[in-house]
Amino acid sequence: MNKKTAVFFVPAFAIGVAVLTSGPAFAATGDASYQGTLDAINGSNGSGTISVEVSGDQATVTQTVKGLAETFDGKPYPHVQHIHIGAKGECPTTAADTDGDGVISTTEGQPSYGEIGTTLSTSGDTSPAAGTDLTLAGMGANYDYNRTFTLDSATAASLEAGTAVVVVHGLDPATLTKAAQDAKSDLVPSLPLAATSPALCGALSASQANMPDGGVETGGGSTSSGADMGLLALGAGFLTAAGGAVMIRRRLAARG
């Protein structure tokens, strides 16, 4: 009798611990959404929006750009664009223009937004190696971009950390100072500074729908979901049962 009673309650305690410790696993789906508003930088007068939907190691980027430089050497202007990572996770201010030529170059902006993590190329390579390939750039004053590709681990980590920033490059030389018009690119010296300098910039942040454990107000007055509370109550019940098992076992042992 003593042995049967003890065996019955010990598994209940074990299940109770499993319920209490398995809660976080339900929230860890591996999927996330990030949004950003692309604001003009260096007087580009452009604008845009971007979203990044992550599912496993796949990222789907949807982007709209308007009002950028339209032509370059008589052809649609190539606007190389990237997700920059690993720095402050912000866009630079005019204070970043350390050489005083009136333009925040790509390298002058890097302390704010970091190095290239992913190239938002129209096809093929999405690594930093494709970062200045003008043939893979967005084209013209206005364009839409939609592509699904495998997301590298460094960019994924920066997205999760809140330090990923989208930068679209390419300025109209006519809008720059004489010194900037005559300057060469800090990335590709064979190109003018205008071709590779930032035109749009926007930090990526997790959408509200991804906030864990009731980050969105539901009107119920609680920040914990009903499912989580149910699991906690169930776990507490098992712990209570386990405590009762110890007491019963001690009483039976004393009687025997």
Could you list, in sequence order, all residues of segment 45-71 that are open to solvent by less than 50 Å² (accessible area, probe 1.4 Å), of a type outside the set (A, V, I, L, M, F, W, C) and part of a strand (DSSP E or B)? G48, S51, T60, Q63, T64
Just one of the numbered conditions (1) assigned to a loop (DSSP other than H, G, I, E, B); (2) surrounded by fewer than 19 Cβ atoms within 10 Å (Cβ to Cβ) is not true of A129; which one? (1)
Pairs under 9 Å by beta carbon, first residue free of Cβ contacts under 8 Å to residues at least 60 places away in the same chain in segment 134-156, partner of a type in the set (D, E, K, R), six or more apart or different chains? L136/D125; D152/D57; S153/D57
Name the pairs: first residue in segment 34-52 and small (G, A, S), second residue open to solvent by less than 50 Å² (accessible area, probe 1.4 Å) and not in a strand (DSSP E or B), Cβ to Cβ under 7 Å, at least 6 apart or on different chains? G36/L204; A40/G46; S44/L68; S44/L171; G46/G67; G46/L68; S47/G67
Identity of the residue in segment 65-88, among the β-branched types (V, I, T) and more than 18 Å from the chain's Cα centre (by Cα), that ends up nearest to H169 (Cα to Cα): V80
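Filter segment 115-126 for residues that are of a type in the set (G, A, S) and surrounded by 21 or more Cβ atoms within 10 Å (Cβ to Cβ); which is farthest from P78 (Cα to Cα)? Steps first, answer last, please.
Looking only at segment 115-126, we keep the residues that are of a type in the set (G, A, S), and these are 117, 121, 123-124.
Narrowing further to those that are surrounded by 21 or more Cβ atoms within 10 Å (Cβ to Cβ): 117, 121.
Numbers: G117: 20, S121: 11 Å.
Ranking the candidates gives G117 first.
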Search segment 147-193 for residues being hydroxyl-bearing (S, T, Y) and over 22 Å from I41 (Cβ atoms), and hand back the single one that is surrounded by the most Cβ atoms within 10 Å (Cβ to Cβ). T148
So V103 fits all but one of (1) among the β-branched types (V, I, T); (2) modelled with pLDDT of 95 or more; (3) open to solvent by 20 Å² or more (accessible area, probe 1.4 Å); what number is the exception? (3)
Quick count over segment 9-42, residues being open to solvent by less than 60 Å² (accessible area, probe 1.4 Å), more than 13 Å from the chain's Cα centre (by Cα) and at pLDDT 95 or above, is 4
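The values are calculated or read from the model by the stated rules, or taken from the named source; none is laboratory data. Keep in mind it's a predicted model, so treat the numbers as computed, not measured. In this analysis, Cβ positions are derived from the backbone assuming ideal geometry, glycine residues included, and neighbour counts consider all displayed protein chains. SASA here: full protein model, heavy atoms, side chains in, ligands and nucleic acids out. Shrake-Rupley method; radii C 1.70, N 1.55, O 1.52, S 1.80 Å.
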